[in-house]
Amino acid sequence: MQESMENIPFNAEETCILLKYEFDEANYPIPTAGGKFGRSPENDIVLLDSDISRKHAEIFFMDNKFYLKDLKSCMGTLFRINSPVVLEKNMKFEIGNYYTITIEDVKGLKLKLKVENENDEDYENEKAQELDFGKIGIQKGVIIGKSQESHIKLQAKKKSKIEDKHCMIYCNEKNEIVLEDQHSEAG
């Protein structure tokens, strides 16, 4: 699963993080001073790829966390989720080839989200859904995937890159609503 959004916090337990571009073998250390990346030589990290904008994105450090900010790039900024991500209003996640999940609101233990399928205007779940973890159960998760057991079922074709149990939304021990990848092949 990949996430797209304006500001996305990363946990910062060290004084730098490593940026790894999926089509490049190199790791790029980003210090707490931050850094910008894109095709332009003005950037701290230059990535020569036609899908990368001249001024694509930046990583900055604030309140003991690293943040990723898309700089209005043409293709958006995506990254693979390797640990649970705290959900915030206006976050967007792409799942598989066609689905976008938009977090419309987060208030306490309530989450409002919308699932959209860009190839199917009649997709049955394409309406806002409200999840109340006070009623669902604090630690009980909501599975998103293509299996019949999924709470939010995604209609998937054979080559859709969507797993039976692709990801889960749950409330963690800090009462934060988080999204966690369920070891999906495509992320």
Item to check | Per-region count, segment 90-104, residues under 11 Å from the mean Cα position of the chain (by Cα), surrounded by 20 or more Cβ atoms within 10 Å (Cβ to Cβ) and under 8 Å from GLU116 (Cα atoms) | outcome: 1
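Taking SER53, is it touching a strand residue (DSSP E or B) at 6+ places or on another chain (Cβ under 8 Å) and at pLDDT 85 or above?
Answer is yes for this residue.
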Checklist entry - Could we say that GLN148 is open to solvent by 60 Å² or more (accessible area, probe 1.4 Å) and either part of a strand (DSSP E or B) or at pLDDT 85 or above (or both) here? => result yes
Checklist entry - Within segment 64-82, can you find the residues that are touching a strand residue (DSSP E or B) at 6+ places or on another chain (Cβ under 7 Å) and touching a residue at least 60 places away in the same chain (Cβ under 8 Å)? => result TYR67, LEU68, LYS69, ASP70, GLY76, THR77, LEU78, PHE79, ARG80, ILE81
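The values are calculated or read from the model by the stated rules, or taken from the named source; none is laboratory data. In this text, all values refer to a predicted model and were calculated from it rather than measured experimentally. Here the Cβ is made from the backbone with ideal geometry for all residues, glycine too, and neighbour counts use every protein chain on show. Heavy atoms of the whole protein, side chains included, go into the accessibility calculation; ligands, DNA and RNA do not. Shrake-Rupley method; radii C 1.70, N 1.55, O 1.52, S 1.80 Å.
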